[in-house]
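Following: one structure in structure tokens, then a few remarks.
The values are calculated or read from the model by the stated rules, or taken from the named source; none is laboratory data. Only a predicted model underlies this, so the values are computations on that prediction, with no experimental measurement involved. Here Cβ is always computed from backbone atoms with ideal geometry, including for glycine, and neighbour counts include all displayed protein chains.
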């Protein structure tokens, strides 16, 4: 991964997953610089990246091609302005902070700063993330390519030009893993309720969701066709779907959940 120097600000769970993915995909540890004063510093050092506890400790001549913000959104106003200097050295600023709009970064870093706002989700920790990215008008094709390669190290990347979609992205894919985990919990509980041993109910729920997700992602057919393929008329699946697909079934419930998450994302922004 030959994209020059990369500066990672914050190395918590998501920042650490990104750093591990970059190194695994060929970024030289000597090209990785990390600012992390907390427990994540130990994980960062394990990759042999240069780890510093503050921006003041960074090499004076550092000129990263990409500066990645992976700190909590509520600390961004305090953290980001100290890195404005790197914009003047050609860096693009890539944020993975939920709910922090591009306009906020332009305020922190200057209106001429090249900024990419992205929304990853937690499966990025195992290289199976879904990441959506949105650039501002200062981002060049080369900058976009560099960000795409960094984000692509931990999952699949989609780009959008309309930042207003980011609230919906957050509601569907950013928060989405929690919905799936809750589905697993519900399937497990339902299995126990019909008499299955608890350990078997959990295994069935976990592997069924994992396998169905992998099939849906990789199959040529769309999810609706896959559903129809497994549904025999008058069979057990059809009986269950009569409940799930009723007017007051799963679809309106999921719609309300996504609407609630979208509105909260707008409120936080």
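In table form, for the structure just shown:
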item: Answer residue from region 223-244, given it is touching a helix residue (DSSP H, G or I) at 6+ places or on another chain (Cβ under 9 Å) and part of a helix (DSSP H, G or I) and is nearest to residue 167 (Cα to Cα) among those; result: 223
item: Residue within region 178-194 that is modelled with pLDDT of 95 or more, under 30 Å from residue 104 (Cα atoms) and surrounded by 14 or more Cβ atoms within 10 Å (Cβ to Cβ) present; result: yes
item: Residue match in region 180-187 (condition: assigned by TED's automatic domain parsing to the domain that holds residue 101 and closer than 27 Å to residue 264 by Cα); result: no
item: Selection count, region 187-221, where residues are assigned to a loop (DSSP other than H, G, I, E, B) and within 25 Å of residue 128 (Cβ to Cβ); result: 3
item: Scan of region 17-45 for residues that are over 25 Å from residue 85 (Cβ atoms) and in contact with a helix residue (DSSP H, G or I) (Cβ under 9 Å, 6 or more places away or on another chain), ordered by number; result: 17, 20, 21, 23, 25, 43
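To keep it simple, each residue is scored yes or no on (1) surrounded by 15 or more Cβ atoms within 10 Å (Cβ to Cβ); (2) touching a helix residue (DSSP H, G or I) at 6+ places or on another chain (Cβ under 6 Å).
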| residue | (1), (2) |
| --- | --- |
| 205 | yes, yes |
| 221 | no, no |
| 246 | no, no |
| 264 | yes, no |
